[in-house]
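The block underneath contains the structure these notes are about, expressed in structure tokens.
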Amino acid sequence: MTARTKGLTLLVVAGFVAFLLWSALASQRVECAVTIDFRGRPGSATASGASEESATREAQTAACGPITGSMDETIACANTPPVTRRCRTL
């Protein structure tokens, strides 16, 4: 492989990675922070998403992760209304 081919290949790969990064970040329009109190155990997290609903759902999932011990608790925690929720447009 010549130096020119290597350079061109590297440029194409870098362009593809930049495109993937841009497309992933461009869809994140809202950021939400939630606080959960699940069976006396507090949890909080922040997440971003394309809509307020999806950002809230992702933040709640992240907040429930460390405070639950089983799949049943994870589902119950995800269905618990957040104590606080703050969203902002990015």
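Here are a few things to note about the model shown:
- Sum of -39500 (n - 2.57) over DSSP H runs of 4+, divided by residues of the chain (222 nm, nearest 500): -16500 deg cm²/dmol
- Accessible surface area normalised per residue over the chain is 70 Å², counting heavy atoms of protein chains with a 1.4 Å rolling probe.
- What the Cβ-Cβ distance of F16 and L90 gives, at R0 = 25 Å and to the nearest 0.05, is a FRET efficiency of 0.55.
- Against the empirical curve 2.2 N^0.38 Å, the C-alpha radius of gyration of the chain lands at a ratio of 1.60.
- Helix runs (DSSP H) in the chain reaching 24 Å along axis by Cα, Kyte-Doolittle at least 1.6: none
- Segments 72-80, 31-39, 46-54, 1-9 sorted - mean Cβ within 10 Å per residue, highest first: 31-39, 46-54, 72-80, 1-9
- Cα centroid separation - segment 60-90 against segment 29-58, whole Å: 6 Å
- Within the accessible area of the chain (1.4 Å probe), percent carbon and sulfur: 62 percent
- Using the Cβ-Cβ distance between Q28 and A78 with R0 set to 22 Å, the FRET efficiency from 1/(1 + (r/R0)^6) comes to roughly 0.60.
The values are calculated or read from the model by the stated rules, or taken from the named source; none is laboratory data. Remember, it's a predicted structure, so these values are computed and weren't measured experimentally. Quick reminder, even Gly has a Cβ in these numbers, built from the backbone with ideal geometry, and neighbours come from all protein chains shown. Surface accessibility is based on the protein's heavy atoms, side chains included, excluding ligands, DNA and RNA. Shrake-Rupley method; radii C 1.70, N 1.55, O 1.52, S 1.80 Å.
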